[in-house]
Amino acid sequence: MMILSPWRADFPAIAALQRQGQTYLDNAATTQKPQALMDALAHYYANGAANVHRAQHLPGAHATQAFEDSRRKVTQWLNAGDVGQIIFTHGATSALNLLAYGLEHLFNPGDEIVVSALEHHANLLPWQQLARRREVKLVILPLDDDGLIDLEAAGSLIGPRTRLLAVSQLSNVLGAWQPLPTLLAMARAQGALTVVDGAQGVVHGRHDVQAMACDFYVFSSHKLYGPDGLGVLFARDDALGQLRHWQFGGEMVLDADYQHARFRPAPLGFEAGTPAVSSVIGLGATLDYLAGLDPHAVSAHEAALHDRLLKGLEARAGVRLLGKPQLALASFVVEGVHNADLAHLLTEQGIAVRAGHHCAMPLLKSFELAGAIRVSLALYNDSEDLERFFQALDQALELLR
């Protein structure tokens, strides 16, 4: 049975890539963009670009209005409650570094930061380096056989010395939703702050940060069909009050002389310098587009595609899946075949997938692997994309074995 995407035509790059003989299956790295986004960017640049929050002229007023409208749309998308809880950054990585530096004053030698064994480097290295700077212990939560954070182990490792828990919502290697409600509750019971890396999860469904009850939630626009160079940091009000400023420059200042300065509260106090104005406006347009889709239809489409991907991989001899993928992506290795060689042959046949350690090198090392192939899906992919992938995979394996 054919699985067709009714939204494929909304993404002009998909047709352009097809004309180039390319099948795009690297959506966990970045997504293609809807026409609605491109229209918004063209309108902004064609009608007068301007800086925001600091000009009295009309172009500045228009830019500021559009910029803050986008903040409101992000607030609604996440059910954040208040626009002051949404801070724009240069990406999820930037947001996580903001947290690591902005919360550093809270940590003392002997405290503990808890992360999981599956974290992307962006949600590992900032905490690793904070632990080194403050003589704090970095605690790693192990995984179970399904690629989920082991809750029994977490129950013994999250304790009275835990000051912060930072975990991914959805693994970018294993494609598994992590047991956030239980993990976050464990951390809250110890009075610890909680950080959720939503870079992979945010694109799959709507996520209510109030119901999630995390202190901080971060994601990157470019993984949500939006512009690149833009991230979002949600912070609960009480947690936000513990953040210290970490970057300094224009617009964040209430008052300054040569020796002292007073800074604005959030969000502007954490958005020093000229922000990514066009990207913020573009993200707002992207959210308008996504809000107009039937979420049940999107979810069913992604689930059907993912099921076909898994069945196709499992049917091929020598293919080993990493973990038990639940949604959107699958990472695999082939017995006796190097992932780089396989990726090269797939690339020659116009198949765009990811190969390597996927910025989760410690996780791949725990599998005793140098790398793996990752196939990741989006709402514009269809069953023909998968058929082309499987044909290319079979041809590549025939050459390599």
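The values are calculated or read from the model by the stated rules, or taken from the named source; none is laboratory data. This structure is a prediction, so every number in the text was calculated from the model and none was measured. FYI the Cβ positions are ideal-geometry reconstructions off the backbone, even for glycines, and counts take in every protein chain you see. Quick note on the areas: whole protein, heavy atoms, side chains included, nothing else; ligands and nucleic acids left out. Shrake-Rupley method; radii C 1.70, N 1.55, O 1.52, S 1.80 Å.
Per-residue ellipticity at 222 nm, computed for the chain from helices alone with -39500 (n - 2.57) per DSSP H run of at least four residues, works out to -12000 deg cm²/dmol.
When all protein chains stay in place and ligands, DNA and RNA are ignored, the 1.4 Å accessible-area order of Trp177, Trp127, Trp7, largest first, is Trp177, Trp7, Trp127. Note that region 255-401 presents 45 Å² accessible area per residue, ligands and nucleic acids not counted, probe 1.4 Å. Among rounded, prolate and oblate, which fits region 33-119 when a ≥ b ≥ c are the square roots of the eigenvalues of its C-alpha gyration tensor, a/c under 1.5 means rounded, and a/b larger than b/c means prolate? The shape class here is prolate. For a test of the definition: using alpha carbon positions, the gyration tensor, and the 1.5 limit on a/c, classify region 1-160 as rounded, prolate or oblate. In terms of gyration-tensor shape, oblate.
Summed over the residues of region 73-202 and divided among them, the accessible surface reaches 35 Å² per residue at a probe radius of 1.4 Å. Could you tell me which of rounded, prolate or oblate describes the chain, using a ≥ b ≥ c as the square roots of the eigenvalues of the alpha-carbon gyration tensor, with rounded for a/c under 1.5 and, failing that, prolate when a/b is larger than b/c and oblate otherwise? Judged from the Cα gyration tensor, the chain comes out oblate (a/c at least 1.5, b/c at or above a/b). Within region 33-131, the trypsin sites (Lys or Arg not before Pro) that combine a DSSP coil assignment with at most 13 other C-beta atoms in a 10 angstrom radius are Arg54.
Note on region 102-258: with neighbouring protein chains present and a 1.4 Å probe, carbon and sulfur make up 48 percent of its accessible heavy-atom surface. For a paramagnetic label modelled at 7 Å from the Cα of Ala261 toward its Cβ, which residues of region 208-252 fall within the zone defined by backbone nitrogen distances under 20 Å? In region 208-252, the label zone of Ala261 (backbone N under 20 Å from the point 7 Å along Cα→Cβ) covers 241-252.
Name the lysines eligible as straight-distance cross-link partners of Lys311: C-alpha to C-alpha under 16 Å, and not fewer than 8 places from it in the same chain. Output for Lys311: Lys324.
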